[in-house]
Every structure is written in structure tokens, then in C-alpha cells.
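The values are calculated or read from the model by the stated rules, or taken from the named source; none is laboratory data. A quick note: this is a predicted structure, and the numbers were derived from the prediction, not measured. Note that each Cβ is placed from the backbone with ideal geometry, even for glycine, and that neighbours are counted across all protein chains shown. Keep in mind that these areas ignore ligands, DNA and RNA; they rest on the heavy atoms of the full protein, side chains included. Shrake-Rupley method; radii C 1.70, N 1.55, O 1.52, S 1.80 Å.
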Amino acid sequence: MADESAATPKRDPIKNPVGSTAAQKRKQNAVSVGKERREALFRTKRLCRAGVSTDTDIPIDDNDMMIEEEQSILESQTTSAVQELNLAITFQGKGAVQKKVNALRELRRLLSKSEFPPIETAIKSGAIPLLAQCLSFGSQHEQLLEAAWCLTNIAAGKPEETRALLPALPLLIAHIGEKSSVPVAEQCAWAIGNVAGEGDELRQILISQGALLPLAKMMLPNKGSTVRTAAWALSNLIKGPDPKAATELIKVDGVVEAILRHFRKSDDELATEIAWVVVYLSALSTVATSVLVKTDVLQLLVERLASSNSLQLLIPVLRSLGNLIAGDAYTTNAILVPGHEITDNIIRALSKCLNSEHRVLKKEAAWVLSNIAAGSVSHKQLIYKSEAVPLLLQLLLTAPFDIKKEVAYVVGNLCVAPSEGSGRSTLIFDHLVSFVRSGCVRGFIDLVRSADIEAARLGLQFLELVLRGMPNGEGQKLVEREDGIDAMERFQFHENEDLRIMANQLVDKYFGEDYGIDE
Amino acid sequence: MMMVDNHLQTQTQLQSEFQCWYPVLRRFGPDDPFFASGNIERELLAKQIALELTEEEKQALRNFEDDYREVFCPIVGCEATLRSLTEFEDHYNARHTSSCSVCSRVYPTSRLLSIHVSEAHDSFFQAKAARGYPMYECLVEGCGEKLKSYKSRHQHLMDKHNFPSTYEFFKKTRLSKKGRVKKNQRKQKHMAVDNNEKEKEEEESSGMEVEEETLDGIISGVSKLTTSDSSPSVISFGRRHTRGLTFVPRAVQRDTKK
């Protein structure tokens, strides 16, 4: 996680004029580098380029970050640096410690310079066993810090590069204990976060080596970049697919209280990382979900959702709410009861998200609403009367496909009462008629035409409601006017048998031989 | 008869088993593609300062993930793979909407369209069929079988190619209200004049009501429907408001999953 707050004047590489042409060149290359860069960018691993921010006395030479060097030069320098380190480690005489620190520092600089550090070269030159040696107990604080930093960046690379850290893992875990100095612990947590971000196999290894508990404890203090780094590393560690780690985490003493405290008081950046932890807790562990919903967390999440404007924070907050609602009916039945203030607040906050310019917020807010709309009739009435409805109708007609689909779920759920048994669903006529007369049918017919099976099914199911529920054949006329018959007839030649049958059933029943004759 | 039973059963099925809308809680695992764009956004935002991503770069990266979403054309027999839903729409409009220049019915492949044109609009076809030649091609490409009537071809599709009878989708054309009224009147008239002959014809071409009339009949029918008072022997292109499909799809065999 890069140091985003320029706490000390030294740390402000972005304003460095020397670097600007290099940065431009990098940007130009960016689009052409394409696939490799994209993969690197989308990884849940983070390069440490400016060090951990606390009271470290490590000097950072800002110029280094910006000078563009030929990859091959960088690589040969790296090889030399590793050789130097090797010599420094075996050296026994006076100033041995300083020699080691210097060698480590040089390697660290080379590994922090560019977006694509010479990781492969470092590994091939044998850096990892040396770095592991530098992590031995009793080593000097600076030595530990530099070594951990090097390992952090090596672990930020490709899968096989991250896996190369295996020998060093137990040592990294050992140094995130309470006895370590804070920056060292944080740097080790960062390295562990990168390793955990690689994949399930490494996660399992880290968990079996006991990484969870010490990381969890690092989340308990009130503030500091350490708490943030630990939370991020934890989110990588518990992200599954095995829910065990998430379930373990929620049981650690103090974790729940810390989560609530951070949501209440912390700044956006810290709250963001904590929210991601809650995202994974609620997505994976039913135990965690049931624990969380019985606390104030929903209230706090709704407050954050309503008040924040930081996209970074809104995404995990919204998703946590979504997971908590989807994961446990208790949420909708006992907490988000119509009439409670929190219910009004959440609908308002979700409407704010629907109105946002960010696609992710619109889509996931619609998803959350669709789940609330799947609740009782009074839930549906509440949403129906809210400011969400005009936004939903607008989105249904004009939004990109994936958002449209989610909105379709909301609208449909609002028109159908919870089912008593099997058979035809019970319509909520007022809602259906109002939506249809506001022009929503076209949006559903768009879904019927798409290649997405789920969307097409949704569209056909809603058309059935319209055809069945609208009075005086209004439904049929409307569907015909919007080219709905044509859209349904497409399924005659569609691969999916369910959809074929559904479309046939509708056309046969509502547009059969007698259609229109009696007018 | 076997066929009647099937038909009855399917009728009941058709009437009672539509899978209605049913509100449920929808939950997604953390790695579900549903969350992919949010996850990408997280990483982009976290790295934007360290890597000095510009807004344009970020947008390009987001679009890349969004747009590249493989879509397989769902029309039976078409094996096209498209790279996005928009591309699919273009593909569908280009490839699967061949329409008959006579009656504007739309077919998803040119082969089916040409079969339709022969069977519905070609009087030579009608003539040969009337004389007992097997003219009705099997709709499954590569089968090559020809049958003597529409109904026997349908039977062949069910027997040899496992077409369910729900497939036998007798699409009536959806004429305008005026057209429907007139059609009904015509039907009454014809039935009064020549009951037996009409019934026989109807039996053979049930569902393809265009076959009830000869080409001349179509022309005169068109003239009654158009509002212009130009010469009635002109068949105007695309006069239909809506379209109907009378054919079963050409392949529902071993390779389709369901």
C-alpha cells in the first residue's frame, strides 16, 4: 500500500520536476505494455515504493523513484547488489552490521524504483535465502526493516515470484508480534499481505503458520498506518474461498469491538480497509454475519454510506451492507424494519448511490435494493414510495446492461408479493400498473433481446406479469407496441429450452389466434 | 393417436407451468464475477498515486474489463462468439434477421428463409406437392429427407430428430386489426363456398395460413389491406406490422445440451 499521505516533506515524489518526462514516457508505454501492466495493476498485491510512514529514520532518495533506467542496467545492478549482500552477510569484522544494512538498502532501492522492479533477477541471483537470513531474531531494527521491504516488493510480482518467498514466511510472521518495533511489524505485515494476495494455497500456508492472530491484533489500536496495513493484509488473508479464516477472525478477542470503533471514528482511508475486512467476513462466514448483524455495524455502515463521498470507501461499505442483507434474513426482518429510521436512511443512501456517476455504485446499490425488495409487502411499499423509483425507471431505460439487469430485479421484486406456495405469484397491482404506465416495459424487452440467459429469463418473467396483470388487454397492446412479440419469437430458434418454452407459452396464451379479433 | 396425446399433454403443460417471477434473496461469493468491477476499482484507486494513473488510463482499464465479455450466439446452429453484448446485437441483426420479401416473416438463417419461400410463396412448389411429390424438406441441415406434407414433415422431425411438439409452434401471423377482421370474413366466405376442399387444405397446412391461398390469393389479399389505391397486383415489401415464424428450429439434437 503506497503511502498516500504526504506526512513528511521528503515524501512527495509526485511533485518532483526531474521525474516528469520519465513519468510521461512511462505513461506512453503504459497503454502499449498492455496485458502485463493490466495484470500487475489488477493484482491484489501492492508494491512498497515509499516505505512505511511511521517514525522511521530511513532516508529515502526521492530522485530514485523517478529516474527511468534501462531494464537491463537495473538487472545487472541488482545482481551486483545481491552479491554485495552475500559478501556483507559473511563478513565478520568491524562494521558488519552497517555493511549489511547498506547492502540491503541498495537492493531495496533497486526494487522500489520502477513499476516493474527486477524481481526475477533478484530471485535468480539468490536474494531470498539471504534476505531470510537477515530476518533472524535479534537483528537490528534497520536490517529487519530493509530486508522485509525487499521481500515485500519481491512478493508483489508474478505468482511464481511470490511463491519464492516460502522459506522466509515463518520469519516474517514472527516479526509481526507485539515485541517488534512498529515499522518492522508493519513492513512484515505488508509482505505477508502480498503473499496472501497471491492465492488460496499460500493463504492456507500462512494461516497454518499462525499469521491470522498477530495480524488481527495489529488491527486493534486506534490509528496509524500499521492498522491500515494490517487490515489490508487481513482482507487478503481471509478472502477464501475457505470460510474458516473469516470465522476464526470474528472470534478473536477485540476484533468486533475494533471494527465498530474504526467505523465510528476513523478517517476514510482506515475505514476503507476495515470495510474490506467486513466485506469478506460477511461474504464468506455465516457465523461472522450473524455476529455482526447483532451489533451496531449496520447503523454505522449506513451512516458512512450516506455521508461519505469517497468512492474508495463507498464501494466496500455498500458491499458489506449488501452481503449482510443477502447473507442473513435477520437483517431485513429485524433491523431494516419499515418504520425504523435506519430503513429510511438506507433507502436514501442507496438512492444516492443510484444517482452516482460510478457504475459500480449504481449496480451494487440496485442489487442491495433488490434484496430489500424481496422482503415483505411493507418493505416493497416503502421502496415504492421512495425517491429511488424515478431513478430506477431512468436506469432501466438508459443504463448499461449490467446495471439494467439489477434494476430489473428491483422493479420485478416490487411488483410481486412473497409467495405463499407454488404456482402463480401474487401481483401487487398498484406497483405493476404504475411501473408499466411509466414506460418500463421497453427496458424489460431489451433484456429479452440480449444474449444473456438470465436477463432474457427476467424479461420474459416480467412480461408474463404485465400480460397477466394489466387490465383490459393493456398489457398485450403495450408489449406488441414495443416489439415484444418479435423479441419473444426470437426464442423459437434459441438454444435454451426453458426460454423457448417460456416464450412459446406467452405467445400462445396472449397472442394466439383470437388476439385482437374481438375488438 | 400418439401425436394427439402428446399434443394434449403439452397443452396442459403450456398452460400451467410458466416459471413465474419469484422474489428471492440473491447472494454472491466474494470471487463472483458480479463483484469483479468493484474489485478492479479497488485496486485502481489504491495504486493510482503510486503509479500516477491518469483518469484516461483508469477509464481505459475499466472499459477493458467491462467490454471484454465473451458472448456466444444462442441461435441454434450458429456458433459465433462475440466479444460483447453490443457486438452480439450487431451480429444478430446482420445474420439472424433475414426476412421474406413477400410476407416479411423473419428467419434466423437463409436456409430456413428459402425453405419458407418455396413452401409459402411458390406456386410450382404447391403444384408438385399437390401431385404427391415429396417436397417438404427436413429442417435439420444435413438430413436430406423430404416429406410429402407439412404435417408429415413435422412428424419426421419429432420421430427422427427428437423435436418436442412444443417446438411445433404454429405461429399465426399477427395482422393488423383490419387485416384480422378481413381474414376472418374471407375465411367465413370460403368455408361457405367449398367446405370439404378448404378443410383438407387447412389440415395440410395448419399454421401456415399463407398456404390457404395461392399466390394470386395473396396478391388480392394485399390489395385489400393496403391503403393506397394503386394497382392491386403489386406486392409491397414489408407491409406487415409484425412478423410470424412458422418453422421449428433446424437442430435440436444430440449436441444441444437441453
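Kindly state, to the nearest 0.05, the FRET efficiency for residue A:356 paired with residue A:261, given R0 = 22 Å and r defined as their beta-carbon distance. Before the final figure, lay out each step's value.
Values: r = 28 Å, r/R0 = 1.26.
Efficiency computed from Cβ-Cβ geometry: 0.20.
Find the eigenvalues of the gyration tensor of the Cα atoms of segment A:77-119, then list the square roots of 5 times those eigenvalues as equivalent ellipsoid semi-axes, largest first, in whole angstrom.
Values: eigenvalues 100, 19, 5 Å².
So the three semi-axes of segment A:77-119 are 22, 10, 5 Å.
Working note: 222 nm ellipticity from helices only, DSSP H runs with n ≥ 4, each -39,500 (n - 2.57), summed and divided by the residues of chain A, gives -20000 deg cm²/dmol to the nearest 500.
The listed residues A:100, A:363, A:35, B:128 rank as A:35, B:128, A:100, A:363 when sorted by accessible area, largest first, using a 1.4 Å probe. Taking all protein chains as shown and a probe of 1.4 angstrom, residue B:99 keeps an accessible surface of around 50 Å².
Over segment A:250-326, consider all pairs of different Cα atoms and compute the Kirkwood hydrodynamic radius from their mean reciprocal separation; express it in Å, one decimal.
Numbers: mean 1/r = 0.0832 Å⁻¹.
One over the average 1/r among Cα pairs gives 12.0 Å for segment A:250-326.
Between residue B:95 and residue A:419, the simple label model (points 7 Å from Cα in the Cβ direction) yields a spacing of 3.5 nm. Per residue, the solvent-accessible area of segment A:108-216 (1.4 Å probe, heavy atoms of protein chains only, all protein chains present) comes to 32 Å². Across the options A:42, A:511, A:208, the greatest Cα extent toward the positive end of the charge dipole of chain A (unit charges at beta carbon of Lys, Arg, Asp, Glu) belongs to A:208. Hey, if you drop one equal point scatterer on each alpha-carbon of segment A:373-436 and run the Debye formula without solvent, what base-10 log of I(q)/I(0) do you get at q = 0.14, 0.16, 0.17, 0.27 Å⁻¹? Per q value, in the given order, log10 I(q)/I(0) is -0.40, -0.51, -0.57, -1.19. Note that segment A:39-50 has calculated 3J(HN,Hα) couplings of 4, 4, 5, 7, 5, 8, 10, 10, 5, 9, 10, 10 Hz, one per residue in order, obtained from phi through the Karplus relation 6.51 cos²θ - 1.76 cosθ + 1.60 (θ = phi - 60°); glycine and proline are x.
Give the calculated FRET efficiency between residue A:498 and residue A:333 to the nearest 0.05, with a Förster radius of 25 Å applied to their Cβ-Cβ distance. Walk me through the intermediate numbers first.
Numbers: r = 32 Å, r/R0 = 1.26.
E(calc), rounded to 0.05, equals 0.20.
Using every pair of separate Cα atoms, the Kirkwood estimate puts the hydrodynamic radius of segment A:195-335 at 14.8 angstrom.
When restricted to Cα atoms, chain A yields an Rg and a Dmax of 28.3, 106 Å, respectively.
Only Lys, Arg, Asp and Glu carry charge here, each on its Cβ (+1 for the first two, -1 for the last two); on that basis segment A:442-509 has a dipole of about 220 debye about its Cα centre.
The charge dipole of chain A, taken about its Cα centre with unit charges on the Cβ of Lys, Arg, Asp and Glu (plus for the first two, minus for the last two), comes to roughly 1280 debye. Segment A:104-146 and segment A:269-304 have Cα centres separated by 36 Å. Taking only protein heavy atoms and a 1.4 Å probe, the accessible area of segment A:204-337 is 52% carbon and sulfur.
On a per residue basis, segment A:358-488 carries 34 Å² of accessible surface, using protein heavy atoms and a 1.4 Å probe.
Would you mind getting me the FRET efficiency between residue B:110 and residue A:398? Use the beta-carbon distance for r and R0 = 30 Å, nearest 0.05. Could you put the intermediate results ahead of the total?
Working: r = 35 Å, r/R0 = 1.16.
Result of the calculation: an efficiency of 0.30.
Placing dummy labels 7 Å off each Cα toward the beta-carbon, the span from residue A:136 to residue A:205 is 2.3 nm. Using the empirical formula 2.2 N^0.38 Å as the baseline, the Cα radius of gyration of segment A:294-414 reaches a ratio of 0.95. In order along segment B:105-121, the phi-based Karplus estimate (6.51 cos²θ - 1.76 cosθ + 1.60, θ = phi - 60°) of 3J(HN,Hα) comes to 5, 10, 10, x, 9, 6, 5, 5, 4, 5, 4, 4, 4, 4, 6, 9, 10 Hz; Gly and Pro are listed as x.
Looking at segment A:378-440, the trypsin sites (Lys or Arg not before Pro) that sit in a DSSP loop and have at most 16 other Cβ atoms within 10 Å of their own Cβ are A:385, A:424.
For a test of the definition: using alpha carbon positions, the gyration tensor, and the 1.5 limit on a/c, classify segment A:92-229 as rounded, prolate or oblate. Intermediate results must be reported in sequence, preceding the final value.
Values: a/c = 1.63, a/b = 1.17, b/c = 1.40.
The shape class here is oblate.
Among the GluC sites (Glu not before Pro) within segment B:52-109, those in coil by DSSP and having at most 15 neighbouring Cβ atoms inside 10 Å are B:70, B:79.
Here each label is just a point 7 Å from Cα along the line to Cβ, and for residue B:72 and residue A:268 those points are 4.4 nm apart. Chain A against chain B buries an accessible area of about 7900 Å², both chains summed, 1.4 Å probe radius.
If you place +1 on the Cβ of every Lys and Arg and -1 on the Cβ of every Asp and Glu, how big does the dipole about the Cα centre of segment A:204-322 come out, in debye to the nearest 20? Provide the component values of the computation, followed by the final result.
Working: 12 positive and 10 negative charges, 16 e Å.
My answer is approximately 80 debye.
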